[in-house]
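Below is one structure; the comments refer to it alone.
The values are calculated or read from the model by the stated rules, or taken from the named source; none is laboratory data. Keep in mind the model is a prediction, meaning the values are calculated, not measured. Every residue, glycine among them, receives a Cβ derived from its backbone with ideal geometry; neighbour counts consider all protein chains shown.
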Amino acid sequence: MKNKFYLVTLFFLLLIIGCTDNTTGPEDPPPNVKKGLLIVNEGLFAQNNSSLTFFSLDEYKLYPDVYKSSNNNNSLGDTANDLYSYDGKAYITVDLSNKIEVVDINTFKSEGFIDLGSNSGPREVIIMNKNEGYVTSGGRDAVIKFNPESKTQLIEIKVGSRPEGIEFYQDRIFAANSGFGSDSTVSVIRNDQKVEDIVLWSNPRIILKDNDFIYVVCSGNYFDAEGTGAVFKINPLTYDVINEIKITGNPGEAVLSGDGYMYIVNNEGIIKLDLNTFKLIPNYIIEGTRVNPSMGIIYSISYDFFERRIIAGNPKDFMQNGEVVIFEENGTEVTRFDTGINPGTVSIIDQIITD
């Protein structure tokens, strides 16, 4: 579900600069599709080649670049990284383009964008209602409030260093301050003011909500040999830590299954956490090399609640088109299909009906 580009640049920046767009050519958008996967492909740094891939779960058919084909061959922008679906629209953060692109989920046509200004570096986004949305700003160490209907920026709320993940519970907003590994806090915003910093573990990046709890995944120090990170279960009203578990291998991307489990990506692959006992499921893992044979890196994870399947993004070598791999919960591979470059977010879309 999110952009990891700042990590990848440590190894690939010199290779990425100057590379050409390798995305698949545009194709007509899918007609009368009810259910599918919408993939946000980041593209290459400073190459303005982010894209959207759609995979129909009704037809089991791939539509490779639906944004370009629906918008006069225009690019989505530079380094897109998150998608939030609300009221028939996809709100897509585009980091280096400093904007939130608004796309009609039925037609994949652009409905304009929210200009967040220079050096905003939008990371993750949530929508509360038609008048209130919030996005983490990695460039400004802030959470920016905006109006989704008017597409205007409202206020900027200072939080910790390099916020990434964001979630809400009732009237509270939670922002994970990664600091590229130097921060360890989650900021709580209420009435558009920061009211608390919850101190957790190094590099909090992912925030998930399930029932009456907030879960935070901290990736830890990337230069630590063990790569020790952690997952925390938090009461969103009192900010108390209810439970925690340390996990090695720099745990990063994560998704909830809706039935008491969390699937987490670490350096080995995909592991499974029981949210009731707060213990890892013994011997459960989908190895990274099963998704990405050449590098063993899994770039994103999502969960298909319709079929109860795990969905993993494969960046391959971060230079060419990637792919998405679908697994049964027991780890059996179902299928895989091509995407654009660096598939960073996979969103489950239901009831898409186009003319």
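Of the residues that make up region 3-23, is at least one in a strand (DSSP E or B) and either at pLDDT below 95 or more than 26 Å from Ser219 (Cα to Cα) (or both)?
Scanning region 3-23 turns up no residue that is in a strand (DSSP E or B) and either at pLDDT below 95 or more than 26 Å from Ser219 (Cα to Cα) (or both).
In region 115-129, the qualifying residues are those that are in a strand (DSSP E or B) and more than 19 Å from the chain's Cα centre (by Cα), and the one that is nearest to Gly77 (Cα to Cα) is Asp115. Tell me which residues, restricted to region 256-284, are in a loop (DSSP other than H, G, I, E, B) and either loosely packed, with under 14 Cβ neighbours inside 10 Å or touching an Asp or Glu at 6+ places or on another chain (Cβ under 6 Å) (or both). Those that are in a loop (DSSP other than H, G, I, E, B) and either loosely packed, with under 14 Cβ neighbours inside 10 Å or touching an Asp or Glu at 6+ places or on another chain (Cβ under 6 Å) (or both): Gly258, Asp259, Gly260, Asn276, Thr277, Ile281, Pro282, Asn283. Picking from residues in region 283-310 that are touching a Leu at 6+ places or on another chain (Cβ under 8 Å) and hydroxyl-bearing (Ser, Thr, Tyr), the one that is farthest from Tyr261 (Cα to Cα) is Ser302.
Suppose the filter is modelled with pLDDT of 95 or more and of a type in the set (D, E, K, R); does Asp28 pass it? Before you say what the answer is, go through the steps one by one.
Working: modelled with pLDDT of 95 or more: no; of a type in the set (D, E, K, R): yes.
Spelling it out, it is not the case that Asp28 is modelled with pLDDT of 95 or more and of a type in the set (D, E, K, R).
So, Tyr222, is that one under 20 Å from the mean Cα position of the chain (by Cα), assigned to a strand (DSSP E or B) and touching a residue at least 12 places away in the same chain (Cβ under 8 Å) or not? So Tyr222 fails the test. Applying the condition of being farther than 19 Å from Phe337 by Cβ and touching a residue at least 40 places away in the same chain (Cβ under 8 Å) to region 52-79 and asking which residue is nearest to the chain's Cα centre (by Cα) yields Thr79.
Here is a check on your reading of the model: is Arg309 touching a residue at least 12 places away in the same chain (Cβ under 8 Å) and in contact with a Phe, Trp or Tyr (Cβ under 8 Å, 6 or more places away or on another chain)?
It is true that Arg309 is touching a residue at least 12 places away in the same chain (Cβ under 8 Å) and in contact with a Phe, Trp or Tyr (Cβ under 8 Å, 6 or more places away or on another chain).
In region 80-96, of all residues being among the acidic types (Asp, Glu) and crowded, with 22+ Cβ neighbours inside 10 Å, the one that is nearest to the chain's Cα centre (by Cα) corresponds to Asp82.
Table: residues versus (1) within 21 Å of Leu38 (Cα to Cα); (2) of a type outside the set (S, T, N, Q).
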{"position": "Ile285", "(1), (2)": "no, yes"}
{"position": "Lys316", "(1), (2)": "yes, yes"}
{"position": "Ile326", "(1), (2)": "yes, yes"}
{"position": "Glu329", "(1), (2)": "yes, yes"}
{"position": "Thr339", "(1), (2)": "yes, no"}
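Does Glu167 satisfy being acidic (Asp, Glu), closer than 14 Å to Tyr239 by Cβ and under 21 Å from the mean Cα position of the chain (by Cα)? I'd like the intermediate steps shown before the answer.
Values: acidic (Asp, Glu): yes; closer than 14 Å to Tyr239 by Cβ: yes; under 21 Å from the mean Cα position of the chain (by Cα): yes.
Yes: the conditions hold for Glu167.
Residues of region 258-279 that are under 23 Å from Val291 (Cα atoms), touching a Phe, Trp or Tyr at 6+ places or on another chain (Cβ under 9 Å) and either aromatic (Phe, Trp, Tyr) or touching a residue at least 60 places away in the same chain (Cβ under 8 Å) (or both): Tyr263 alone. Here Asn74 passes the criteria (1) surrounded by fewer than 20 Cβ atoms within 10 Å (Cβ to Cβ); (2) assigned to a strand (DSSP E or B); (3) in contact with a helix residue (DSSP H, G or I) (Cβ under 8 Å, 6 or more places away or on another chain) except the one numbered (2). Here Ser302 passes the criteria (1) more than 18 Å from the chain's Cα centre (by Cα); (2) outside any loop (DSSP other than H, G, I, E, B); (3) not acidic (Asp, Glu) except the one numbered (1). Screening the candidates Lys99, Lys109, Lys35 for the property of being modelled with pLDDT of 85 or more, under 17 Å from the mean Cα position of the chain (by Cα) and either surrounded by fewer than 24 Cβ atoms within 10 Å (Cβ to Cβ) or not hydrophobic (A, V, I, L, M, F, W, C) (or both) yields one hit, Lys99. The residue of region 176-188 that is surrounded by the most Cβ atoms within 10 Å (Cβ to Cβ), among those that are closer than 23 Å to Thr345 by Cβ and touching a residue at least 40 places away in the same chain (Cβ under 8 Å), is Ala176.
Within region 225-254, if we keep just the residues that are crowded, with 18+ Cβ neighbours inside 10 Å and aliphatic (A, V, I, L, M), the residue that is nearest to the chain's Cα centre (by Cα) turns out to be Ala254.
Within region 319-339, is there a residue that is touching a Pro at 6+ places or on another chain (Cβ under 9 Å), buried (at least 21 other Cβ atoms within 10 Å of the Cβ) and part of a loop (DSSP other than H, G, I, E, B)? Looking for residues that are touching a Pro at 6+ places or on another chain (Cβ under 9 Å), buried (at least 21 other Cβ atoms within 10 Å of the Cβ) and part of a loop (DSSP other than H, G, I, E, B), one finds none in region 319-339, hence no. Kindly indicate whether any position in region 323-342 is in contact (Cβ under 8 Å) with a residue 60 or more places away in the chain and closer than 21 Å to Phe213 by Cα. No, that holds for no residue.
Restricting attention to region 67-82, the residues that are closer than 18 Å to Asn106 by Cα and of a type in the set (Ser, Thr, Tyr) total 3.
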